[in-house]
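Scroll down for the structure; my scribbles are underneath it.
The values are calculated or read from the model by the stated rules, or taken from the named source; none is laboratory data. Predicted model only: the values in this text are computed from it and were never measured. Note that we place each Cβ from the backbone using ideal geometry, even for glycine, and neighbour counts take in every protein chain shown. For accessibility, only protein heavy atoms count, side chains too; no ligands or nucleic acids. Shrake-Rupley method; radii C 1.70, N 1.55, O 1.52, S 1.80 Å.
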Amino acid sequence: MNEHDAITALGALAQESRLQVYRRLMQAGPSGISAGDLAEQVGVSRSSLSFHVAQLERSGLVQARRQHRNVFYSVEIDAMRQLLTFLTQDCCNGNPDICGGLSANAAFCGAIPETEQ
């Protein structure tokens, strides 16, 4: 990931509805969630959801897939992993232990030991 990609991803998340959409998709996991259910759960209209998801798709954080007449959205987990790595790769001047041992690779998707959560 480069600086431009990180800015694009962070910009896509820097809006209340898009952040809610992204967090709900993270809860759904790799299988994703249908557009209708997602709109209902986040509390936005389907047209508004489409607008917000398009921003997240352009940033590479979300993907859409069509199954028959339904559209399902899911997170691009590797894209978030790359973003977190980019943001934390230089943690504490190469001393991540100062930051509690947080590294994006270990911290993503439940890899943090339960005692640290």
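Screening residue 83 with (1) at pLDDT 90 or above; (2) within 23 Å of residue 2 (Cα to Cα); (3) part of a helix (DSSP H, G or I); (4) open to solvent by 40 Å² or more (accessible area, probe 1.4 Å) gives one miss only, at (4). Taking the listed residues 77, 7, the one that is without any contact (Cβ under 8 Å) to a residue 24 or more places away in the chain, among the β-branched types (Val, Ile, Thr) and open to solvent by 20 Å² or more (accessible area, probe 1.4 Å) is 7, with no other qualifying. Looking for something at pLDDT below 95, within 12 Å of the chain's Cα centre (by Cα) and open to solvent by 80 Å² or more (accessible area, probe 1.4 Å) - is there at least one such residue anywhere in the stretch 28-38? Checking the stretch 28-38: at least one residue is at pLDDT below 95, within 12 Å of the chain's Cα centre (by Cα) and open to solvent by 80 Å² or more (accessible area, probe 1.4 Å). Taking each residue of the stretch 45-64 that is closer than 18 Å to residue 31 by Cα and assigned to a helix (DSSP H, G or I) and looking for partners that are hydrophobic (A, V, I, L, M, F, W, C) and open to solvent by 20 Å² or more (accessible area, probe 1.4 Å) with beta-carbon atoms closer than 8 Å, six or more apart or interchain, yields 53/35; 53/64; 56/13; 57/64.
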